[in-house]
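Working notes, structure below.
The values are calculated or read from the model by the stated rules, or taken from the named source; none is laboratory data. Here the structure is a predicted model, which is why all the values come from computation and not from measurement. Cβ: placed from backbone, ideal geometry, glycine included. Neighbour counts: every protein chain shown. Surface accessibility is based on the protein's heavy atoms, side chains included, excluding ligands, DNA and RNA. Shrake-Rupley method; radii C 1.70, N 1.55, O 1.52, S 1.80 Å.
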Amino acid sequence: MLPYRIPSLRNRRLAKASIAKHLKGTDRRADLQAFLGQWARRPLHVASITPSSRRLADLVTSEIQGDLGPVLVLGPGTGVFPNALLRRGLAPERMALVELNPHFFELLSKRFPDIHIINDNAATADLNTFGFEDRFKAVISGLGFLSMKRHVVRDILKNCLEHLDDDAALYQFTYGLRCPVPPDVMAELGLRAQKIGWVAMNMPPARVYKISRAH
């Protein structure tokens, strides 16, 4: 039995051709080599030496409906979170990716030619450049908040909140034992965190938090 429950994908409209296309190009071994290489070159910028597992990606995206959008993905790495969103039926044109690492950016551009991706810093990126008329309905974060300075985490969250629907949330995983956003940052920005699950079969094990405005 899995250590968490994920809403069933049954009866969802899945873009099967698109998913197959992207999954075919996603080789676990190649992704592991990419993460190891980038971690060795940029240990302060790549928070993990391994990509997130499919189980973790499914939990992080478990509350995203296929007809939702647009959805912002921060730090998509080699593409595990965009692939999870595709499996949930979200159309590529309803996604926006922000990736700082130039190597991952080039890899993502090849794997997801139908998704708008920018090579930029999540704290300062102009999120209006994606051209969506609607505000983002969710943010999926693959960023390593625990390895970032407080003010950087604050700036990333503030940038997201300016473009996020009032009732929308940011989904963040962590290898730590509690929410990776410092309590004073949560209080300053008027946020609350709710743990939605954890994944033991991830390397390392990870917890997932839903961060939203405290109304």
Worksheet item: In region 125-215, carbon and sulfur make up what percent of the accessible area (probe 1.4 Å)?
Response: 51 percent
Discussion item. Can you give me the long-range amide H partners of Met203? Hydrogens built in the peptide plane at 1.01 Å from N, cutoff under 5 Å, separation of 5 or more residues or another chain.
Written reply: Ser53
Worksheet, complete the sentence: Descending packing, highest mean Cβ count within 10 Å first, for 139-148, 123-132 is 139-148, 123-132
Worksheet item: GluC sites (Glu not before Pro), restricted to region 93-193: which are DSSP loop and have at most 15 other Cβ atoms within 10 Å?
Response: Glu133, Glu162
Worksheet item: So which chymotrypsin sites (Phe, Trp or Tyr not before Pro) in region 153-215 end up in coil per DSSP with only 16 or fewer other C-beta atoms within 10 Å?
Response: Tyr175
Response to the item:
Row for region 104-180, column shape: gyration tensor on C-alpha, a ≥ b ≥ c, rounded if a/c < 1.5 i.e. under 1.5, prolate if a/b over b/c, else oblate; value oblate
Worksheet item: Lys195: net charge of surrounding residues, Cβ under 12 Å, Lys/Arg +1, Asp/Glu -1, itself excluded?
Response: +4
Discussion item. For region 75-174, which trypsin sites (Lys or Arg not before Pro) pass both filters: DSSP loop (anything but H, G, I, E, B) and at most 16 other C-beta atoms within 10 Å?
Written reply: Arg135, Lys149
Worksheet item: Can you give the Rg to Rh ratio for region 59-215, taking only C-alpha atoms and Rh from Kirkwood?
Response: 0.93
Fill in: Gyration tensor verdict on region 131-215 (Cα atoms; rounded if a/c is under 1.5, prolate if a/b is larger than b/c, oblate otherwise)
prolate
Discussion item. Per residue, how much accessible surface does region 104-215 expose to a 1.4 Å probe? Answer in Å², no decimals.
Written reply: 51 Å²
